Amino acid sequence: MAATFWDDVDRHLVRYGGAFTREIIDRAEGSFVFTEDGRRILDFTSGQMSAILGHSHPEIVETVRRQAAKLDHLFSGMLSRPVVDLARRLAETLPAPLEKALLLTTGAESNEAAVRLAKLVTGKHEIVSFARSWHGMTQAAASATYSAGRKGYGPAAPGNFAIPVPNAYRPDFTDASGELDWRRQLDFGFELIDAQSVGSLAACLVEPILSSGGVIEPPPGYFAALAEKCRERGMLLILDEAQTGLCRTGTWYAFERDGVVPDILTLSKTLGAGLPLAAVLTSAEIEQEAHDRGFLFFTTHVSDPLPAAVGNTVLDVLARDRLDARAVELGALLRRGLEDLASRHEVVGDIRGRGLLAGLELVVDRETRRSSDELGARVTRRCLELGLHMNIVQLPGMGGVFRIAPPLTASEEEITLGVSILDQAIGDAVKTL
């Protein structure tokens with residue numbers, strides 16, 4: 001019975017962030033999840049922003065069945081063909097000199113390994129990240145995370161610094177026309193970093209598009225300038241493409257737009273298409289230096305064959321079905337739909353993002369851009385009632401921002417349906433304010 005289920009939830013589960021969605025999910029398929037009582041809910045978040053091939057993709061299901069029956073887990077010092085194949089194939093999707101891969105399980109773990117790698121190779125320890133960042137909940141990753149979860153846990157890792165986020169919708173540094181002056185903002189950020197640093201700057205860890213930070217995309221030219229700041233200080237540039245990597249933004253990697261190649265790249269969520277798989281990729285030079293210095297990241301599930309086999313299948317489907325191009329097409333359809341909403345709902349303040357990672361920011365006053373947590377919560381609840389699962393980011397100083405990330409396998413009809421439900425939900429919620 002449902003009542004017993006929720007009694008067990010209240011009695012036995014540790015709450016780990018926000019409230020649980022009050023639905024008992026029984027199964028999922030494609031772009032939808034299905035509740036135990038028979039409701040069908042369109043999933044505009046791809047699970048936890050991960051299931052880029054939709055839920056229970058038949059080829060993923062078959063890979064899991066086949067590989068689990070043959071070889072699922074090994075001693076961490078042993079290797080299998082799926083692991084080596086995936087490392088090689090990932091390198092083939094990337095520009096030089098990124099050719100060395102470490103296969104892990106989660107985004108936090110991959111960022112942990114990347115930071116550990118950067119500290120060892122540079123011999124330094126200070127890490128710079130965006131002030132709205134989310135990189136994970138393990139020690140180094142959490143210390144580089146500023147969007148949530150910093151209070152009450154004691155000291156973060158020493159030497160972590162934040163720089164301002166180049167948010168064009170809510171600019172803090174402006175030029176004569178009132179637009180974001182990101183170059184002055186970046187210069188100011190690093191002036192503060194230099195003032196606080198003890199001379200041990202190791203790396204800058206950032207997302208090409210800040211997702212949990214409100215789907216904020218730094219302007220063209222920003223990452224080239226950031227990379228130059230890093231070079232000037234002998235820092236490594238680490239890009240976290242947990243949510244943007246592997247075709248979601250319309251290219252295989254979001255950093256391709258900027259013509260910048262990171263020193264270290266981390267992948268996770270999309271790589272396993274919903275299963276726990278992550279990767280750290282770097283150059284042979286950095287890997288050799290790390291090895292010479294005794295790099296250690298020996299974990300229980302490093303180089304596991306089962307998730308690696310899944311990763312190979314993900315690459316097969318992405319390439320065969322040209323899902324990078326599909327993300328461009330569906331992304332354009334999604335944006336047109338959201339722009340239509342903005343033309344009819346005054347509470348839609350801004351639309352941003354790239355490909356099938358879109359952000360829609362709600363405000364109660366377009367002129368002042370004043371936000372309302374209650375409005376966002378009401379729209380979210382109404383969407384769920386109408387059969388659409390949405391994720392809203394609510395951070396201090398920002399409006400409620402919907403992170404919209406349907407699977408790359410969604411149909412045009414499903415994108416249109418989601419926008420239609422969101423349209424009704426916004427209208428209904430505004431009437432209740």
Q: Considering (1) part of a helix (DSSP H, G or I); (2) under 15 Å from Pro305 (Cα atoms); (3) of a type in the set (Ser, Thr, Tyr), say which one Ser76 fails and leave the rest.
A: (1)
Q. Across region 285-318, which residue is nearest to the chain's Cα centre (by Cα) among those that are loosely packed, with under 15 Cβ neighbours inside 10 Å and not in a loop (DSSP other than H, G, I, E, B)?
A. Asp316
Q: Please list, ordered by first then second residue, the pairs with beta carbon atoms under 7 Å, 6 or more apart or interchain, first in region 193-207 and outside any strand (DSSP E or B), second of a type in the set (D, E, K, R).
A: Ser197/Glu126; Ser200/Lys124; Ser200/Glu126; Glu207/Asp240
Q) For region 255-262, does any single residue satisfy the condition of being on the phi < 0 side of the Ramachandran plot, in a loop (DSSP other than H, G, I, E, B), among the β-branched types (Val, Ile, Thr) and open to solvent by 10 Å² or more (accessible area, probe 1.4 Å)? A) yes
Q: Within region 324-349, work out how many residues are hydrophobic (A, V, I, L, M, F, W, C), in a helix (DSSP H, G or I) and open to solvent by 10 Å² or more (accessible area, probe 1.4 Å).
A: 5
Q: Kindly check whether there is at least one residue in region 215-230 that is touching a residue at least 60 places away in the same chain (Cβ under 8 Å), acidic (Asp, Glu), in contact with a strand residue (DSSP E or B) (Cβ under 9 Å, 6 or more places away or on another chain) and not in a strand (DSSP E or B).
A: yes
Q: Please work out which one of (1) crowded, with 23+ Cβ neighbours inside 10 Å; (2) under 23 Å from Val363 (Cα atoms); (3) among the charged types (D, E, K, R); (4) more than 18 Å from the chain's Cα centre (by Cα) is the condition Glu126 fails and give its number.
A: (2)
Q. What are the residues in region 263-284 that are open to solvent by 50 Å² or more (accessible area, probe 1.4 Å) and among the hydrophobic types (A, V, I, L, M, F, W, C), if any?
A. Leu275
Q. Among the residues of region 189-221 satisfying the criterion of being among the charged types (D, E, K, R) and over 21 Å from the mean Cα position of the chain (by Cα), which is surrounded by the most Cβ atoms within 10 Å (Cβ to Cβ)?
A. Asp194
Q) In region 1-40, how many residues are under 23 Å from Ile60 (Cβ atoms) and aliphatic (A, V, I, L, M)? A) 3
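One line per residue, one yes/no per condition, for (1) at pLDDT below 95; (2) touching a Pro at 6+ places or on another chain (Cβ under 8 Å); (3) open to solvent by 70 Å² or more (accessible area, probe 1.4 Å):
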| residue | (1), (2), (3) |
| --- | --- |
| Ile25 | no, no, yes |
| Ala51 | no, yes, no |
| Pro58 | no, no, yes |
| Val83 | no, yes, no |
| Ala108 | no, no, no |
Q. Within region 141-162, how many residues are closer than 21 Å to Ala242 by Cβ, among the small types (Gly, Ala, Ser) and surrounded by fewer than 24 Cβ atoms within 10 Å (Cβ to Cβ)?
A. 8
Q | Residues that are within 20 Å of the chain's Cα centre (by Cα), of a type outside the set (Gly, Ala, Ser) and assigned to a strand (DSSP E or B), drawn from region 360-407 | A | Leu360, Glu361, His389, Asn391, Ile392, Val393, Gln394, Val401, Phe402, Arg403, Ile404
Q) So which residues in region 328-345 are free of Cβ contacts under 8 Å to residues at least 24 places away in the same chain and not aliphatic (A, V, I, L, M)? A) Glu329, Arg335, Arg336, Glu339, Ser343
Q: Please name all residue pairs, on different chains or six or more residues apart, with Cβ atoms under 8 Å, provided the first residue is in region 149-165 and is in contact (Cβ under 8 Å) with a residue 24 or more places away in the chain and under 23 Å from Leu186 (Cα atoms) and the second residue is among the basic types (Lys, Arg) and in a loop (DSSP other than H, G, I, E, B).
A: Val165/Arg132
(Q) Which pairs turn up if I take residues in region 379-392 that are farther than 17 Å from Val348 by Cβ and without any contact (Cβ under 8 Å) to a residue 60 or more places away in the chain and look for partners that are open to solvent by 60 Å² or more (accessible area, probe 1.4 Å) and assigned to a helix (DSSP H, G or I) with beta carbon separation below 8 Å, at least 6 apart in sequence or on another chain? (A) Leu386/Gln424
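The values are calculated or read from the model by the stated rules, or taken from the named source; none is laboratory data. Because the structure is a prediction, the values reported are computed rather than measured. Glycine also receives a Cβ, built like all others from the backbone with ideal geometry; neighbour counts cover every protein chain displayed. Surface areas here come from the heavy atoms of the whole protein model, side chains and all, with no ligands, DNA or RNA. Shrake-Rupley method; radii C 1.70, N 1.55, O 1.52, S 1.80 Å.
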